[in-house]
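The values are calculated or read from the model by the stated rules, or taken from the named source; none is laboratory data. These numbers come from a predicted model, not from an experiment. As a convention, Cβ positions derive from the backbone with ideal geometry for all residues, glycine included, and neighbour counts pool all protein chains shown. Keep in mind that these areas ignore ligands, DNA and RNA; they rest on the heavy atoms of the full protein, side chains included. Shrake-Rupley method; radii C 1.70, N 1.55, O 1.52, S 1.80 Å.
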Amino acid sequence: MKNTDKQEQYLKKAGEIVSQCDRCGACLPVCPLFGAKDIEFSSARGKNNVARGILQGVIQPTPAAMAVLNFCLLCRTCVDNCPSKVQTDEAMIALRQYFAEKNGTPGAKYKALGNLMKNRTLVKFSAGALKVLRKTGLNSLVPHGMAPGEFTRKEYLASFAGPAALSGSVPSSPVQLAKKAKAAYFRGCGMHMMFPDAEKESIAILRSVTDLQLVDNVCCGLPHLAHGLRGDFLAMAKKNIALFEKADVIVSDCASCSGTLKHIGAYFADDPEWKDRAAAFSQKVMDFSEYLTHIGYTPRHRVAAKLTFHEPCHLGRGQGVKKQPRELLKAAGDYIEMKDANVCCGGAGSFHMDYPEVAAAILDKKRINIENSGAQIVVTECPTCLVQLNKAAANSGGKFKVMHISQVI
Amino acid sequence: MITNEIKAKIRAIVGAENALDSTIECFGYSYDSSFVPMETKNIPQLVVRPAAAEEVSQVMVLANEQGIPVTPRGAASGRTGGSIPLEGGISLSLDRMTKVIEFDEQNMMITVEPGMRTIDVYNYAAAKGLFYPPDPGSWKYSTIGGNVAENAGGMRAVKYGVTSNYVMGLEVVLADGTIIHTGGKAIKNVTGYNLTQLFTGSEGTLGIITRILLRLIPMPKMRNTLQMMFPQLDDACHTIRDMLLTGVVPATAELMDRVSLEAVARYRKLDVDPKVDACVIMEVDGDTKEDLKKQADRIETIAHKNSVLEVQVAASQQESDEIWAIRRGLSSAIGAMAPTRLGEDISVPRDAFPETVRLIRKISEKYKLTIAVYGHAGDGNLHPSVLCDLAKPEEAERAHHAVDEIFAAALSVGGTLSGEHGIGITKRPYITKALGEAGVNTLKLIKQSLDPKGILNPGKIW
Ligand SMILES: Cc1cc2nc3c(=O)[nH]c(=O)nc-3n(C[C@H](O)[C@H](O)[C@H](O)COP(=O)(O)OP(=O)(O)OC[C@H]3O[C@@H](n4cnc5c(N)ncnc54)[C@H](O)[C@@H]3O)c2cc1C
Ligand code: SF4
Ligand code: SF4
């Protein structure tokens, strides 16, 4: 396909979506970005209509317009609240792709990020990855300098484990179907590079319930998709489809990975060669807590710690997985629901690097809600959220700690 | 043209970050929730977001001196293009003025800034046991200033009236920057012309509303919902008429025709009995359970006299929510039925409701277009929605003719062009028909005396 045709195609796709926008304004009070920077273009209405303006020739597709379309967390809060269910996030992804095709590149920074995530050797050796991060100026991915403030399971148990934790008093689960099913672990780049301890715990838990397959997978491709590197996304998706063909279930402990993988089928719907394989792949994907709840897993310990849950956008709104992590946490400790648990933390992939001030304003609201909940530990299931929440924990002066769900259950 | 010098002066008044001038930022202030097409010429040159009446006043002094057009804006949820800056200039967005200035429990009144969202006004009062009844469909995001400027109505209008029934007084910044205060807390007040009511519904053409004094009433303790299905639209309308004649006044009485019901059914995967031609949803409120039951019983009796097919009285909050979900989902369900929906807003005397719907059905047949009709049957306010595809020129022409005839139909039965959305841009062509030349001239004289340079919201109403 000619490049101009490609551009047309993405514009058309975005056009079909944004033409459904009634311009009512219901998305304004709910969009976290509008909450942090309350001018029209922050909101879904604003962005959808910038797109419409470009399509109708009322405004030009300038770098300023592109910046507006990049200014989106892709958190889907607007979609949830929109009376016409306008898929703003998908329109933004299509438009970013349009700009990448038009400019011939998504921009140096996203390209560097994309290349890094594509490169398995770099991702595999996180030390090397961190070096590249530093070199490309992407090290703000990692909180307070180069070392993520990971609170390990060992430290957690040492701090909170009373006699209850040692007794292992949680009754074991009656469900036992999954042992035969061949589950495979999908290794997310973010988890692997920044939270190896959590990754280790995820694997340990999965091993305890199934004969786990470890596959040398490649990146799920969400960072590429989000920033106009669709070709890379599709190429990696094909690799992953092929790699996981033997698994019955594919489990990921990163909400963004599982969310993206579940959608891969849709991206190949028009591709006669890959259509069925992609659909079969997507149907096998399960999020970590979704899978564990499904097979009736009960946490290894119950400790006397006050836990709360930050619901990643790609988990709750993206996959409808809301109850499962909470159920697991209720069994693992003293669970408290915080206010606005499902509101975006401002991380959103690389958004927090591009717009640090806005992301910080959004995060500050989250910090206050966590503090007000009185929880000692805030648990989540996405590495970007972990990075953000670690910053919040530092800002709170250590009032709470942050952990991945696999470290507490 | 707004020179850099003027921009600098305005920035000095409101703060640099509250005067936006990049095209992409200003573009966001060039449209509202109407079907007025986007245009480059509607992009304001400057978006100004003041935080206080004094700032508004200083900005107006400058604008008036320089002859810069100023278009006030709330949340741009308006349906008639009112906040679109037709002549560029300044978009004066009042969304930063969101404070409650005073809550006067003794007099049951509240004074608020114009940028407060309507639902926040309601919630603030409700937390104190008081009730601010007007509830436009957009109340979660529209501003109270926008409601006053449009004299917005809502579903509760049958029993409780519209915005103007609650506005007791205003602070208004005039075109030249003068700040005036109208009305006040005295319930009886006939000193001079009723400026409060003049500014209420003035669509941003006479002054900028910077402070609003609202009357509140005690919050009814209980509510319940009834849903009724009728074999004929006339039966539904007669039920509402008979009910009001015998003194039963529900808080809301919403009517949906067959097309609307089918739209919702499709959206929510429900089945509609083929015998049903119209549905009425009512809310009754009162202080005791007996109160509610009495009202519901009387409504049921009247409905049976008018051949109702089915009456459902909600037995729980959940059932009530389910019934209301049908009505709330209606607008988008209808919108989803066609590429374009021309959603109109006419208002007719209550007894002309069935006749008007019949006329609209004829128009629908004549132009071979689906027209869904729903509305606030209790007060004669209808929202006919013409479903079409404006991208097809031939169909667009038919649709526009249909809209013209809908307005003509409303006027022919003694009704009017707008029940609650105002005139703005979209209904300008029809205003002389509705008010007559002399009537429009009288409006223009008022405008002329308050805004001689014509800088406030130019291009609107006429
Ligand atoms: C889904 C939906 C449902 C709706 N339902 C209803 C309904 O049930 N009833 C109803 O009446 N309307 C309804 N509307 C229309 C709209 O919400 C109302 O007209 C509302 O009052 C507009 O408020 P706003 O803050 O969005 O004002 P805007 O749209 O920003 O402005 C409306 C007009 O008021 C002027 N204005 C705004 N603020 C001021 C101020 N402080 N001083 C002077 N002038 C000002 C503007 O110049 C403009 O002319 C609905 C709209 C939508 C999208
Ligand atoms: S809520 Fe949906 S329809 Fe309304 S303005 Fe936002 S995106 Fe558009
Ligand atoms: S996806 Fe999130 S950030 Fe983007 S417009 Fe919607 S609510 Fe706002």
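Side notes on the structure shown:
- Qualifying residue in region B:23-30 (condition: open to solvent by 20 Å² or more (accessible area, probe 1.4 Å), touching an Asp or Glu at 6+ places or on another chain (Cβ under 9 Å), of a type outside the set (A, V, I, L, M, F, W, C) and within 11 Å of chain A (Cβ to nearest Cβ)): yes
- Flag for A:F71 being within 23 Å of the chain's Cα centre (by Cα) and either of a type outside the set (A, V, I, L, M) or farther than 28 Å from B:L342 by Cα (or both): yes
- For A:N49, the stated conditions do not hold, so it cannot be described as within 12 Å of chain B (Cβ to nearest Cβ), open to solvent by 10 Å² or more (accessible area, probe 1.4 Å), within 16 Å of ligand 1 (Cβ to nearest atom) and on the phi < 0 side of the Ramachandran plot.
- Any hit, region B:178-191, residues being within 11 Å of ligand 1 (Cβ to nearest atom), open to solvent by 10 Å² or more (accessible area, probe 1.4 Å), hydroxyl-bearing (S, T, Y) and at pLDDT below 95: no
- Test: B:G88 is more than 10 Å from chain A (Cβ to nearest Cβ), more than 16 Å from ligand 2 (Cβ to nearest atom), within 22 Å of A:G46 (Cβ to Cβ) and not basic (K, R): yes
- All positions within region A:276-312 that are in a strand (DSSP E or B) and open to solvent by 50 Å² or more (accessible area, probe 1.4 Å): A:K306
- Selected residue [of a type in the set (S, T, N, Q), away from every other protein chain (no Cβ under 14 Å), more than 25 Å from B:K444 (Cβ to Cβ) and over 12 Å from the mean Cα position of the chain (by Cα)] from B:N189, B:N194: B:N189
- Verdict on A:F34 being at the interface with another protein chain (Cβ under 7 Å from one of its Cβ atoms), under 30 Å from A:N342 (Cβ atoms) and either away from ligand 1 (no atom under 16 Å from the Cβ) or assigned to a helix (DSSP H, G or I) (or both): no
- Being out of contact with any helix residue (DSSP H, G or I) (no Cβ under 6 Å at 6 or more places or on another chain), part of a helix (DSSP H, G or I) and open to solvent by less than 10 Å² (accessible area, probe 1.4 Å) holds for only one residue in B:A236, B:A263, and it is B:A236.
- Residues of region A:218-256 satisfying the condition of being open to solvent by 30 Å² or more (accessible area, probe 1.4 Å) and without any contact (Cβ under 8 Å) to a residue 60 or more places away in the chain: A:G231, A:L234, A:A235, A:K238, A:K239, A:A242, A:L243, A:E245
- Here B:A409 passes the criteria (1) over 27 Å from B:D176 (Cβ atoms); (2) under 22 Å from the mean Cα position of the chain (by Cα); (3) open to solvent by 50 Å² or more (accessible area, probe 1.4 Å) except the one numbered (3).
- In region A:78-98, residue farthest from ligand 3 (Cβ to nearest atom) [restricted to those that are in a helix (DSSP H, G or I) and within 14 Å of chain B (Cβ to nearest Cβ)]: A:L95
- In a residue-by-residue description of region B:366-383, the property of being assigned to a helix (DSSP H, G or I), farther than 30 Å from B:V248 by Cβ and either more than 16 Å from ligand 3 (Cβ to nearest atom) or more than 14 Å from chain A (Cβ to nearest Cβ) (or both) applies to at least one position.
- Near pairs, Cβ below 6 angstrom, 6+ apart or cross-chain, from region B:419-430 (away from ligand 1 (no atom under 12 Å from the Cβ)) to any residue that is part of a helix (DSSP H, G or I): B:Y430/B:F407
- Among (1) within 16 Å of ligand 2 (Cβ to nearest atom); (2) open to solvent by less than 10 Å² (accessible area, probe 1.4 Å); (3) hydroxyl-bearing (S, T, Y) - the single one B:S77 does not satisfy: (2)
- The set of residues in region B:38-52 being facing chain A (nearest Cβ under 9 Å) and either within 16 Å of ligand 2 (Cβ to nearest atom) or buried (at least 18 other Cβ atoms within 10 Å of the Cβ) (or both) consists of B:M38, B:N42, B:I43, B:V47, B:R49.
- Flag if B:S449 is among the small types (G, A, S) and open to solvent by 50 Å² or more (accessible area, probe 1.4 Å): yes
- Residue count for region A:189-228, restricted to those that are at pLDDT 85 or above and in contact with a Ser or Thr (Cβ under 6 Å, 6 or more places away or on another chain): 6
- Candidate set from region B:95-127 (those that are under 15 Å from the mean Cα position of the chain (by Cα) and crowded, with 23+ Cβ neighbours inside 10 Å); member that is nearest to ligand 3 (Cβ to nearest atom): B:R117
- Qualifying residues in region A:1-46 (those that are among the acidic types (D, E) and more than 16 Å from ligand 3 (Cβ to nearest atom)) - the one surrounded by the fewest Cβ atoms within 10 Å (Cβ to Cβ): A:D5
- Residues satisfying the stated conditions in region A:56-70, i.e. within 15 Å of ligand 2 (Cβ to nearest atom) and either more than 9 Å from every other protein chain (Cβ to nearest Cβ) or open to solvent by 30 Å² or more (accessible area, probe 1.4 Å) (or both): A:L69
- Some residue of region A:53-60 being modelled with pLDDT under 90, more than 16 Å from ligand 1 (Cβ to nearest atom), over 27 Å from A:E357 (Cβ atoms) and not aromatic (F, W, Y): no
- Among the residues of region A:16-30, those that are touching a residue at least 40 places away in the same chain (Cβ under 8 Å) and within 11 Å of another protein chain (Cβ to nearest Cβ) comprise A:Q20, A:C21, A:D22, A:C24, A:A26, A:C27, A:V30.
- With respect to the conditions (1) touching a helix residue (DSSP H, G or I) at 6+ places or on another chain (Cβ under 7 Å); (2) farther than 21 Å from B:G74 by Cα; (3) among the hydroxyl-bearing types (S, T, Y), B:S142 falls short on a single one, namely (2).
- Flag for B:M168 being under 25 Å from A:P29 (Cβ atoms) and either away from ligand 3 (no atom under 16 Å from the Cβ) or open to solvent by 10 Å² or more (accessible area, probe 1.4 Å) (or both): no
- Scanning region B:326-342 for residues that are without any contact (Cβ under 8 Å) to a residue 24 or more places away in the chain and either in a strand (DSSP E or B) or away from chain A (no Cβ under 14 Å) (or both) turns up nothing.
- Leading residue by the ranking (nearest to B:V348 (Cα to Cα)) among those in region B:128-143 that are open to solvent by less than 10 Å² (accessible area, probe 1.4 Å) and either away from chain A (no Cβ under 14 Å) or of a type in the set (K, R) (or both): B:P134
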